[in-house]
Amino acid sequence: MLLLNICVLVGALLTPPSLRWLYSTCILLLCLYQIFRKDWLGLFIVTISLVALISSNSWREWTKNEVEGPFYWDVEQACLRSDGELENFSLIVRDKGRSFEAGLCDRPASSELLPVRLNFARLFGDYREHLAYVKGVDALLYLPKQAQQTPLPLKLDQYPSWRFAYSIIKGDRSRWDERDRWLINYLGITHLFVVSGLHVGFVCMLALAASRLFWRFSRALRQAFCHRAWLDWLMAVPASFAYAYWSGLGEPAIRAALMALVFLTIRATYHKVALLHVLGFCAWLMLLQWPGRALDPSFWLSFSFVLLIALLLERVKGRGRMLWMQCLMSFFALLLTLGWQSSLSPLVVVINLLLIPFVAFVWFPISLISLLELSCCNTSYLYGYLDSVLLWSYEWIEAPLYQVMAITPNHEVMAWVKLTMIGLGFWGVYWLPSRRSLGFLMLLLLAALLSPLTPEWTFQWYKDRYQVVSWNRDVDGQVAFNAPTVVRLGEAKIALNPTKEALAERALVEGWHIAVVDNEERANLLRAMQVNVLSMREGERLSFYLDAERWRVESSDCYQILNLVKTVACEHAEWLESVLNYPQFDTGGLGVRAF
């Protein structure tokens, strides 16, 4: 039943506007079927899902007057100002290494106002607009450099390791530099330095350990509570939500606190419920508040990893249990990093085995106590001792970390391939502890690490600029730059945002075949000269891949369902792909004719 209601909420988001009548018809038939079966509980739960879907206004479309602005960022008050009439407006602000929610200013304007551009939430928009929609806010704002505020100095900043400790307990990485980011990614421990369900789990473990200690030595508590499960609930649940609130109410922390609430409540009431039902109920509650979360990869990642941990606890037995669990979880993390991380340390498993318990039982609690010591006594003696130990340890292991050969995962992995490998990995875990299962997981690991022939080069093309991402100089068909605004792909000469000065003359002399133009007057002139004109949205990205003498073009704004319903960006990418793969250029001048 819960799975059905999750499908109801997810289906509403995945249905294109032209097919929403079909979605409404299916929902009506579902309700009639439940009435026919007299399934009143199921009908009641579906009704709750539909009411939540309607009240969330997930199909809202912004009008042109609302989007145009202008908008200003109040640097002093850290809020947004607009000349238009916006009510109950919320946005996520992205700063260096952190993000936070903000709203409209309700006080008089300060002296420093900066004009900003907002990315309004759209389900089928570009990446930034889609991200704002997924997060359930009205817009996304990337702060300009002049508006970014430096973090407030703390007495603990004198310790070199504090910038990492603060990101562990708070998730704030604004004190990091690029070398820090590369090192953490290379070692495969990024999950320790963002506030996630893992950190809420640390808080729960500390609270449960304190509950066990109090229960053992306090006779008054044993008389006040019939069972220790209620004391565990009283200490762990408020601590989880308090930490989630203090760390900024991030989505992963809220999900983990909700899971802790549901699980500990069931445990305290002595009900036996399958873990899959608990996870489904938590997912349904989160989607009721905002159905757009279903399009957030981290939403499914949280529940998948909790399910994975539960399967491993059930399947992996005997000695070395924690070692096997850590190895398998690192294997799944490697599958998730395919496609976006170029290199990993081969010591990822060993580093995680050592750091996760160290962070959980030493670094994390001592960092929290050190903040409390600083606020109460204005001293930092405790963290000073820990910092000296951390520095000595890092100096001792720094050389071996960089002397081993790095792992280079396949960075050209399609999403469906990654999902298939993760699904096969879950299947392998389900059949543990048989040797066939271990062999199967090892084959998956080798398939993830051994890359096939990589594309000769990758080329990313934005609306106003182009950029070579990776380039192999030993192959034919390299990128040829004829002019600052003209790029040559194969036999096609493509002009990027040409200026209006001598437009016709340059098009004839340089022999343009395709032009990217954001001005309608220039576009009409080029069309009259038989130059194919392509329009791109602001923020759209076209990626060109040359592999085995064949071009593949992808657009960041392309959304499609089973190749039947697709956006205009998909058609543009397919058209460019056909032009580059099957060109017939006139030898006497302009014009591109594709089969």
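The values are calculated or read from the model by the stated rules, or taken from the named source; none is laboratory data. Predicted model, so just to flag it, every value in this text is computed and none were measured. Cβ coordinates were reconstructed from backbone atoms using ideal geometry, including for glycine residues, and neighbour counts include every protein chain displayed. Note: accessible area is taken over every heavy atom of the protein model, side chains too, but ligands, DNA and RNA are not part of it. Shrake-Rupley method; radii C 1.70, N 1.55, O 1.52, S 1.80 Å.
Calculated FRET efficiency, W300 and R527, Cβ-Cβ r, R0 60 Å, to nearest 0.05?
0.85
Give me the percent of accessible area attributable to carbon and sulfur for the stretch 71-142, probe 1.4 angstrom.
With neighbouring chains kept in place, the figure for the stretch 71-142 is 44 percent.
For E571, tell me the accessible area in Å² from a 1.4 Å probe, rounded to the nearest 10.
About 100 Å², ignoring ligands and nucleic acids.
Could you order C570, C31, C376 by accessible surface area, starting with the largest, using a probe radius of 1.4 Å?
Final ranking, largest accessible area leading: C376, C31, C570.
Going from most exposed to least, what order do Y243, Y142, Y159 have by accessible area with a 1.4 Å probe?
So, going from the largest accessible area down, we get Y142, Y159, Y243.
For a label point 7 angstrom out from the Cα of D39 toward its Cβ, which stretches of the stretch 282-305 have the backbone nitrogen within less than 20 Å?
The answer is 282-285, 288, whose backbone nitrogens lie closer than 20 Å to the label point.
With r defined as the distance between the Cβ atoms of Y127 and L355 and R0 fixed at 22 Å, what FRET efficiency is calculated, to the nearest 0.05?
FRET efficiency, Y127 to L355: 0.10.
Could you derive backbone 3J(HN,Hα) for the stretch 500-517 from the dihedral phi with the Karplus parameters 6.51, -1.76 and 1.60 (θ = phi - 60°), listing whole Hz in sequence and x where the residue is Gly or Pro?
Values, residue by residue: 7, 5, 6, 5, 5, 4, 5, 5, 6, 5, 7, x, 5, 10, 9, 9, 9, 10 Hz.
At 1.4 Å probe size, put L213, L391 in order of accessible surface, largest to smallest.
In descending accessible area the options line up as L213, L391.
Simple spin-label model, 7 Å along Cα-to-Cβ: W59 to L372 in nm?
Result for the modelled spin labels: 5.1 nm.
Going by average Cβ neighbours within 10 Å, how do the peptides 106-119, 259-272 rank, with the highest at the top?
Going by the mean number of other Cβ atoms within 10 Å, highest first, we get 259-272, 106-119.
Give me the 1.4 Å probe accessible area per residue for the stretch 71-142, excluding ligands and nucleic acids, in Å².
Roughly 50 Å² per residue, with all protein chains present.
Within the stretch 1-56, what whole-number % of the accessible surface is contributed by carbon and sulfur, with the 1.4 Å probe and all protein chains included in the calculation?
Percent of accessible area from carbon and sulfur atoms in the stretch 1-56: 80.
With r as the distance between the Cβ atoms of E395 and R267 and R0 = 51 Å, compute the FRET efficiency 1/(1 + (r/R0)^6) and round to 0.05.
My answer for the efficiency is 0.70.
Which whole-percent values make up P(r) of the stretch 1-56 when all C-alpha to C-alpha distances are grouped in 5 Å steps starting at zero?
The percentages, shortest bin first, are 4, 19, 30, 28, 13, 5, 1.
For the stretch 349-365, take each phi angle, set θ = phi - 60°, evaluate the Karplus expression 6.51 cos²θ - 1.76 cosθ + 1.60, and give the result in whole Hz per residue in order, putting x for glycine and proline.
Taking θ as phi minus 60°, the curve returns 5, 5, 5, 5, 4, 7, 7, 4, x, 5, 5, 5, 10, 10, 5, 5, x Hz for the stretch 349-365.
Could you give the length gained on full extension between Y142 and F89, defined as 0.36 nm per residue of separation minus the Cα-Cα distance, in nm?
My answer for the length gained is 17.4 nm.
Would you mind getting the accessible area per residue of the stretch 2-63, heavy atoms of the protein chains only, 1.4 Å probe, in Å²?
On a per-residue basis, the stretch 2-63 sits at 62 Å².
At 1.4 Å probe radius, can you tell me the per residue accessible area of the stretch 256-299 in Å²?
Accessible area per residue, the stretch 256-299: 46 Å².
Amide H of D95 versus every other amide H placed in the peptide plane: which residues, excluding those fewer than 5 positions away on the same chain, fall under 5 Å?
Under 5 Å from the amide H of D95: F100.
Report F303's accessible area, 1.4 Å probe, all protein chains in place, as a number in Å² to the nearest 10.
Accessible area, nearest 10 Å²: 20 Å².
The stretch 71-142: percent of C-alpha pairs farther apart than 18 Å?
For the stretch 71-142, the fraction of Cα-Cα distances above 18 Å is 36 percent.
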